[in-house]
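To start, the structure under review is shown below, and the notes come after it.
The values are calculated or read from the model by the stated rules, or taken from the named source; none is laboratory data. Quantities reported herein were computed from a predicted structural model and do not represent experimental measurements. So basically every Cβ, Gly included, is an ideal-geometry build from the backbone, and we count neighbours across all protein chains shown.
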Amino acid sequence: MSKSKEVVTTNPGAVVLDDELMHLQGMGTENVSAANVLIPRLVILQALSPQLNKKKAEYIEGAEVGDFCNVATGDIYKESIEVIPCHFITNYLEWKKNRGGLAANHGDDPSILQKAVRNDKSQNILPNGNMVEETAQWYLLLKNGGTWERSFFPLKATNLKHSRKWMTLCRAETLQTSNGLWKPPLFWRSWNLKIVDDSNDQGDWATFKPEKLESTVNIDPSRALLRECMSFYEDLRTNKVRGDVESEEDTSHSGSGMASDPTNTDTAM
């Protein structure tokens, strides 16, 4: 067998491998399941987020209310981020009382809500005392410098309305082709998620506003980025990877909400 050639980086997005190295693709990961591969969670920091509390282990120096934060890496993104949505699903998550952790993921079946009663904080409480939260789960490619990284962006409570507005914009897009109207995939274009203020009669908090950017094929005419989106979508569709749902429990039952908004029970959304 000939010696393998040196790995040469021709540009930040391309590595040249010889045949010997190509045959090593994926070796050692044959038994990896979705339980072993978690997508990092993206949040919008609020006044009571642990990342802003110097006494908390999660504290991040320089982080501010309204920053986007990757809670797995501690990366902070100011004012706005550029993302490409690749997959979306609504899950109904049941949390044990007294911050006991995730009790069950009821998937996309809302029937569990029929067993719940709304309390004075607009939370869905089951007879066993557990809480059920409708959670809009966005799976994104997040632009980080010159690369695109997989991210998980769960939204619930008061932010469900912003999730629905974004999905409405995504679904409204159609393209006229020679064969008629064509419905593009969710990952057809990138979006700028811009931090904005929101409020109700209970208080105010930071949320986001989606703005259309370029199509994926315009960003990368080679379509490598489009294929990266498709790969992420397929990994999610076939349950090869999943979002970091369990760590949401760290802030799901604090009751402190987004600023003083009692309808949202996340301190780190």
Residues that are touching a helix residue (DSSP H, G or I) at 6+ places or on another chain (Cβ under 9 Å) and free of Cβ contacts under 8 Å to residues at least 12 places away in the same chain: does region 163-177 have at least one?
yes
Residue check for Lys161: of a type in the set (Lys, Arg), outside any helix (DSSP H, G or I) and modelled with pLDDT of 90 or more
no
Among Tyr92, Tyr77, the single one that is out of contact with any helix residue (DSSP H, G or I) (no Cβ under 8 Å at 6 or more places or on another chain) and modelled with pLDDT of 90 or more is Tyr77
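Can you work out which of the residues in region 185-200 that are farther than 18 Å from Ile219 by Cβ and of a type in the set (A, V, I, L, M) is modelled with the highest pLDDT?
The selected residue is Ile195.
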Quick one: would you say Lys121 is of a type outside the set (A, V, I, L, M, F, W, C), at pLDDT below 95, closer than 23 Å to Ala47 by Cα and surrounded by fewer than 20 Cβ atoms within 10 Å (Cβ to Cβ)?
yes
Which is touching a strand residue (DSSP E or B) at 6+ places or on another chain (Cβ under 7 Å), under 27 Å from Met230 (Cβ atoms) and part of a loop (DSSP other than H, G, I, E, B), of Gly107, Gly66?
Gly107
Quick check on this structure: which one of Leu226, Leu193 is out of contact with any strand residue (DSSP E or B) (no Cβ under 8 Å at 6 or more places or on another chain), buried (at least 19 other Cβ atoms within 10 Å of the Cβ) and not in a loop (DSSP other than H, G, I, E, B)?
Leu226
Can you give me the number of residues within region 164-208 that are closer than 23 Å to Met230 by Cβ, within 23 Å of the chain's Cα centre (by Cα) and among the hydroxyl-bearing types (Ser, Thr, Tyr)?
1
Is it the case, given these coordinates, that Pro110 is free of Cβ contacts under 8 Å to residues at least 60 places away in the same chain, more than 23 Å from Arg242 (Cβ to Cβ), surrounded by fewer than 19 Cβ atoms within 10 Å (Cβ to Cβ) and not aromatic (Phe, Trp, Tyr)?
no
I'm told Asn91 meets every condition in (1) polar (S, T, N, Q); (2) in a loop (DSSP other than H, G, I, E, B); (3) farther than 22 Å from Asn192 by Cα; (4) under 21 Å from the mean Cα position of the chain (by Cα) except one. Can you identify the failing condition by its number?
(2)
When you look at Asn239, is it in contact with a helix residue (DSSP H, G or I) (Cβ under 7 Å, 6 or more places away or on another chain), closer than 25 Å to Leu38 by Cβ, of a type outside the set (Gly, Ala, Ser) and not in a strand (DSSP E or B), yes or no?
yes
Conditions first: (1) within 16 Å of the chain's Cα centre (by Cα); (2) touching a residue at least 60 places away in the same chain (Cβ under 8 Å). Gln123 passes all but one, so which condition is the exception?
(1)
Any chance region 126-137 includes a residue that's modelled with pLDDT under 95, assigned to a helix (DSSP H, G or I) and on the phi < 0 side of the Ramachandran plot?
no
Those residues that are part of a helix (DSSP H, G or I), modelled with pLDDT under 95 and not hydrophobic (A, V, I, L, M, F, W, C), I need them from region 166-184; list them, please.
Arg171
